[in-house]
Amino acid sequence: MGPRVVIIGAGFGGLGAARELLRQDITDVTVLERADEVGGVWRDNTYPGAACDVPSPLYSWSWAINPAWGRRYSPQQEILDYLRDAADREGLLALVRSGQEVAACDLDEGGGTWRVTTTDGTTYDADLVVSAVGQLSNPLVPDLPGADSFAGPAFHSADWRHDVRLAGKRVAVIGTGASAIQFVPGIVDEVGALTVFQRSAPYVVAKPDQQYRPHHHRAFARFPSLLTGERRFVFWLTERMNGAITGEMTGSRAFMATVRASWRLQLRLQVKDAALRRKLVPDYPIGCKRVLFSNDWYPALDRDHVDVVTSPITGIEPTGVRTSDGVLHEADVLIWGTGFAATRFLAPMRVTGVGGADLHEQWTDGARAHLGVAAPGFPNLFFVYGPNTNLGGSSIIGMMEAQAGYIAQVARRIADGRARLVGVRADVADAYDREMQARLADSAWSGCSSWYVDGPRITTNWPGLVAEYQERLATVDWAELEDHAEQVAHHG
């Protein structure tokens, strides 16, 4: 049996952590999911054109290689089906309790356990808690004047309104990030007029997509090494991207120059209007934000009924969007393509640890966690996809699997009676945080204000290769951790 474990979130991260715990014979596992079914971002994001920007052979669990992918870059529904089927085969779905949104996690210092409380008042007692809510679970809508005054339908891309007919409508899209470059081409042929409001242009390069046909599937089934070989190749290629962004790879400048040349060529070939091309040139160095992949973003913008607006938005009005040049851009439908509150880790949950310490108060100037998985003063609380574990390239699943393995080792140690309340030492966490910020300051992300929280602190991204991260988490360094049992008993 081992310790009682509560996992918050039933996406790739939470279900992957549950599977790793089961492999360590930790069987008292409960996964709490706020929605009615599992899936995380792949359940929520159902907008037209939703797909992954990492090839599916790599964007998949290492323990569930799938020879039946329909194409190299799989669409949302196929990824969701894969997640559900793989989790079901491993017996993970039986662990999930849906409709349970967590409001608070409080350390019971008397008993040395965690009390997890949901918004409906249900409580769960746990010896160990794993937060797997991720960085992309809460849609972000900018606080613009009059945002609630728009008279027509208004929704975020992560909460797509499939009941709203767009045919012939004037549609305003605010944002040009990873979601927008997928759904704008998905609706451009349907709408009557489309106005895209761009704060900063993304770097968009060609997407080497292809459909996997029956002969591919037969070959993958007969020769599994073909698919695993593609997985290894894509991993190698994305590691080159990560290394170029972080500056930790020989030839980084040349690699990024090649990517930039690819972007410039695609822009030149796909956008005929010279004035529009000038609008679509990013005003920041390549690598400062995630490079995006699309074959139809630029052609969608280079249409007669599409307008790209770069003037800053000053407010939303009942009939449209007002910009700083005084123009009111009239619209019937407003779609927010403004991404997620990636830096608001664990929000809006309340989390209290040793001595009543509030986790969010400790993170006032930006979230931080040792190896992205543990915060001092919060023993037996661990994070999947926590601070400084996001990537500029590659598959986040590889990072989350490393985190799951690390957490499962701690759970196994508790189950064996060799520890009770495991937490990271404060000096170790501080040293790690200094390392992260120093390395990030030397990366392409330095000076990229979109990654900052209250000053020059990058809280989201990992400054190295995925392989380095996996190596650092492969075996727990117990000297970095301490047992808080006596300290908690004293507070209790």
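The values are calculated or read from the model by the stated rules, or taken from the named source; none is laboratory data. All values reported here derive from a predicted model rather than from experimental measurement. Cβ atoms come from the backbone with ideal geometry, glycine included; neighbour counts cover every protein chain shown. Heavy atoms of the whole protein, side chains included, go into the accessibility calculation; ligands, DNA and RNA do not. Shrake-Rupley method; radii C 1.70, N 1.55, O 1.52, S 1.80 Å.
Tabulated results
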| read-out | value |
| --- | --- |
| Protein-only accessible surface order, largest first, of 361, 109, 248 at 1.4 Å | 361, 248, 109 |
| Ranked by how many other beta carbons lie within 10 Å on average, peptides 274-283, 181-190, 350-359 from highest | 181-190, 350-359, 274-283 |
| Cut-off 15 Å between beta-carbons: net charge of the residues surrounding residue 33, Lys and Arg +1, Asp and Glu -1 | -2 |
| q = 0.08, 0.09, 0.13 Å⁻¹: log10 I(q)/I(0) that the Debye formula gives for the chain, counting C-alpha atoms only | -0.51, -0.65, -1.33 |
| Potential extension, residue 221-residue 319 segment - 0.36 nm per residue separation minus Cα distance | 29.8 nm |
| Value of D in µm² per second that Stokes-Einstein yields for segment 285-382, Kirkwood Rh from Cα pairs, at 4 °C (1.567 mPa s) | 71 µm²/s |
| Gain on full stretching of the segment that runs from residue 295 to residue 35 - 0.36 nm per residue minus C-alpha separation | 90.3 nm |
| Calculated FRET value between residue 310 and residue 228, using beta carbons and R₀ = 60 Å, to 0.05 | 0.85 |
| Solvent-free Debye scattering, log10 I(q)/I(0), computed from the Cα coordinates of segment 201-313 at q = 0.11, 0.15, 0.19, 0.22 Å⁻¹ | -0.51, -0.81, -1.03, -1.18 |
| Counted charge near residue 197, where neighbours are those whose Cβ lies closer than 12 Å (Asp, Glu -1; Lys, Arg +1) | +2 |
| The chain: calculated mean residue ellipticity at 222 nm from DSSP helix runs of at least 4, using -39500 (n - 2.57) | -9500 deg cm²/dmol |
| Where N is the number of residues in segment 54-106, Cα Rg divided by 2.2 N^0.38 Å | 1.41 |
| Furthest towards positive pole of dipole, 476, 321, 10, structure part the chain, Cβ charges | 321 |
| The chain: angle of helix 426-441 to the longest principal axis, Cα-based, in degrees nearest 10 | 20 degrees |
| Assigned charges on the beta-carbon of Lys, Arg, Asp, Glu; segment 306-362 dipole about Cα centre (debye) | 300 debye |
| Principal-axis tilt of helix 252-270 within the chain, Cα atoms, nearest 10 degrees | 40 degrees |
| Segment 13-77, relative contact order in percent, only Cα pairs under 8 angstrom and at least six apart counted | 31 percent |
| Under 12 Å, Cβ to Cβ, from residue 283 - net charge with Lys/Arg +1 and Asp/Glu -1 | +4 |
| Cα-centred dipole magnitude for the chain, charges only on beta-carbon of K, R (+1) and D, E (-1), debye, nearest 20 | 1900 debye |
| Cα-based radius of gyration of segment 11-86 once divided by 2.2 N^0.38 Å, which approximates compact folds | 1.16 |
| Inter-site label distance for residue 68 and residue 101 at 7 Å from Cα along Cβ, in nm | 3.4 nm |
| Share of alpha-carbon pairs per 10 Å distance bin for segment 69-223, given as whole % | 7, 22, 26, 24, 16, 4, 0 |
| C-alpha long axis of helix 396-415 to longest principal axis of the chain, angle in ° | 10 degrees |
| Förster radius 35 Å - calculated FRET efficiency between residue 281 and residue 167, Cβ distance, rounded to 0.05 | 0.60 |
| Length gained when the stretch residue 141-residue 88 is fully extended (0.36 nm per residue, less Cα-Cα span) | 15.6 nm |
| Cα centroid of segment 345-370 to Cα centroid of segment 272-334, whole Å | 37 Å |
